[in-house]
Each structure stands twice: as structure tokens, then as C-alpha cells.
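Below is one structure; the comments refer to it alone.
The values are calculated or read from the model by the stated rules, or taken from the named source; none is laboratory data. Model, not experiment: these values are computed from the prediction. With ideal geometry, Cβ positions are generated from the backbone for all residues, glycine too; neighbour counts draw on all protein chains shown. Calculation scope for accessible area: heavy atoms of the full protein, side chains included, ligands and nucleic acids excluded. Shrake-Rupley method; radii C 1.70, N 1.55, O 1.52, S 1.80 Å.
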Amino acid sequence: MGDKKRIIIIDDHPLFREGLKTILGRSDRYDVVGEAGTAALGLKTVKEVKPHLAIVDISLPDQNGIELTRDILKCSPETCVLMVSMYSKIDYIVRSFQAGAAGYLAKESAADMLLKGIEHVLNGDYFMDAKVSEKVVKKLAELPEKKISVSADGYESLTPREQEVMTLLGEGHSATQVAEKLFISPKTAENHRANIMRKLGLHSTIELIRYAAKIGIIDVDLWKE
């Protein structure tokens, strides 16, 4: 099957890598084209095969996965990174997204959520494990302001439809799901998202979630299972 998405696994536990490969083997959409137990070998593999997705453990023997994520995206910008970790510490999660990861999955959730997480990430959406996503939203809302200025004025500059789209995005819906809920095309939903980002000076869905939480247009309880 020539259109399979190429995936590599970077984790220092052989048994966990085997477990991930078993889960991925349930789908005919993915092809594991490499694996590594260290960051150095993982980065070398990324450079060689240019995978669509790298599954990266946050804790590696020679470099942490957050730093590795930055290195991966420097040499292969088109590669998406899905972080997996036994840790659910908020700072690790937030720093992972700041480094460029598109998803964060707790290892304990891998059996049930891996394929869903990969689908979201490869579709261009962000993915957060439901076990930690509420905490992340709260943490993002508490972070001191740096690049973005959060006020209701920017939100008021959006059209009613853009406000509707922003609320759904902030609640964790993908652009595809937004399109389905609003009975619009996926392309139109993507255009609305781009316009929202431009008008508010935001650069990622994570910043959008943080903004929405700050001005109170999303209820973080909605992120619970």
C-alpha cells in the first residue's frame, strides 16, 4: 500500500516499542519504518527516512524528548511529533507543545488512544490525552503573558461565525469536527481558523486554547471524559 504514513518510534524500552508496533499493526494506514532507543539514533533515523510522524518518549538516556523534538523539526519540518510519556507533569506537557510537538499521550493510555492521537496529529490537529488536557488548559490560562496580549477586544473583532468557530476549537474540536457541527466545508473551517489566528495574533492551537480560557469563552470542565 503506497500511501501508508511512515512512522518511527523513539523510546528506550524495547517492550514498549513492540507494544506500539502491535497497536499500529491493527491499522493498514501506517508503516513503522524505523525505531530507536536513543535520541541520537532517533534523529539519525529521522534524517534518513523523513517520516510523517515520530513517536517520541520524553525520557531518553542521552537527551530529553523535548529537546529532541526541536532537533527533529529543524531537520525535518514536515515530520509531526507525538510525545508519549509515563509522566503527566504539567510543565513537561506545556514545554512539549512549546517545542513543537503536536500531541501528548500518557503511556498508560497508549493501548486505547494511540491510533486516535495519531489520526488527529496527521490531520494537522493538536491532540492531548484526556487524562491531562484539562490540567493543561488551566496551566496555559495561568501562564504569564509573553507574545500574546489577551483581552476581550480582540475577540470582539471576530465575526459571529469566527467566534463560533473559535469556541469549538477551544473546546478541543478539530477543524473537521467544526465543519461537521456547523454544516460548512472543512476548507471553510480552516479558513475561519486562519482568520482567527491572524486577527488575534496567535500562532498555534495551543495559544488559541490559552486565549479562550483566559477570556472565559470555554469551560475547562468540557475537557473531562
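A few comments on the model shown:
Okay, residues lined up against (1) modelled with pLDDT of 95 or more; (2) of a type in the set (Asp, Glu); (3) more than 24 Å from residue 93 (Cβ to Cβ):
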residue	(1), (2), (3)
10	yes, no, no
26	no, no, yes
45	yes, no, yes
48	yes, yes, yes
53	yes, no, no
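- Residue within the stretch 67-82 that is farther than 24 Å from residue 205 by Cβ and more than 17 Å from the chain's Cα centre (by Cα) present: no
- Enumeration of residues in the stretch 99-113 that are farther than 19 Å from residue 72 by Cβ and either part of a helix (DSSP H, G or I) or open to solvent by 20 Å² or more (accessible area, probe 1.4 Å) (or both): 107, 108, 109, 110, 111, 112, 113
- Considering residues of the stretch 195-213 that are out of contact with any Ser or Thr (no Cβ under 9 Å at 6 or more places or on another chain) and not hydrophobic (A, V, I, L, M, F, W, C) only, the residue modelled with the highest pLDDT: 198
- Among all residues of the stretch 82-94, there is at least one that is open to solvent by 40 Å² or more (accessible area, probe 1.4 Å) and farther than 18 Å from residue 109 by Cα.
- The sole residue among 34, 19 that is part of a helix (DSSP H, G or I) and either open to solvent by 30 Å² or more (accessible area, probe 1.4 Å) or not hydrophobic (A, V, I, L, M, F, W, C) (or both) is 19.
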